[in-house]
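The values are calculated or read from the model by the stated rules, or taken from the named source; none is laboratory data. Keep in mind the model is a prediction, meaning the values are calculated, not measured. Heads up, the Cβs are rebuilt from the backbone with ideal geometry, glycines too, and the neighbour counts pull from every protein chain shown.
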Amino acid sequence: MKTKDYKHIYDCIRNAVSECYSGESLINKTARRAFTNLLIGTPEEKQDIIDTFDLECCRVCEVCGELMVEGYLLDSSTLCSDECAAKWYNFQFKNENITPEDFAKLMSDGDEDSEWYWTEWF
Ligand SMILES: [Zn+2]
């Protein structure tokens, strides 16, 4: 992710925290702890922070556990890249074995009403 994405995520967490807590120092401390867990926590810890504060600005990749501000939304699954999306696809459709390149092509050929698309969570 880019530096501006980190700043955006921190601001988003700080806003969410300030709705749950009062007092500048408690808000800052809680926001910093949540931000740190989002960056270096396990995928479960990251998801827990997103759920706890109802964050709209980021998601966790279901395959590799990376934090992301944009990525694929496939049904209700969130995936960060063609590589992770191809792994997800092959897992869902067990007889298939597509490559990341195949997946990218599949998406670019897809129809506009598809439930599968690339999006930003900003
Ligand atoms: Zn991923």
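Tabulated results
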item: Set 96, 56: member being within 18 Å of residue 121 (Cα to Cα) and surrounded by fewer than 16 Cβ atoms within 10 Å (Cβ to Cβ); result: 56
item: Matching residues, the stretch 61-87, being surrounded by fewer than 19 Cβ atoms within 10 Å (Cβ to Cβ), more than 21 Å from residue 44 (Cβ to Cβ) and among the small types (Gly, Ala, Ser); result: none
item: Members of the stretch 1-56 found to be assigned to a loop (DSSP other than H, G, I, E, B) and under 25 Å from residue 79 (Cα atoms), listed by number; result: 1, 2, 41, 42, 53, 54, 55, 56
item: Whichever residue in the stretch 81-116 is of a type in the set (Ser, Thr, Tyr) and under 19 Å from the mean Cα position of the chain (by Cα) and, among such residues, is nearest to the ligand (Cβ to nearest atom); result: 81
item: Those residues of the stretch 57-73 which are without any contact (Cβ under 8 Å) to a residue 24 or more places away in the chain and in a strand (DSSP E or B), in sequence order; result: 60
item: The stretch 107-118 residues that are assigned by TED's automatic domain parsing to the domain that holds residue 77 and exposed (fewer than 10 other Cβ atoms within 10 Å of the Cβ), paired with ones that are among the aliphatic types (A, V, I, L, M) and modelled with pLDDT under 75 (beta carbon under 9 Å, 6 or more apart); result: none
item: Tally of residues being more than 10 Å from the chain's Cα centre (by Cα) and near the ligand (Cβ under 8 Å from one of its atoms) across the stretch 53-80; result: 2
item: Search result, residues across the stretch 107-121 that are farther than 18 Å from residue 70 by Cα and part of a helix (DSSP H, G or I); result: 109
item: Residue in the stretch 20-33 that is of a type outside the set (A, V, I, L, M), within 16 Å of the ligand (Cβ to nearest atom) and over 21 Å from residue 3 (Cα atoms) present; result: no
item: Matching residues, the stretch 64-100, being within 18 Å of residue 49 (Cα to Cα) and of a type in the set (Val, Ile, Thr); result: 69, 78
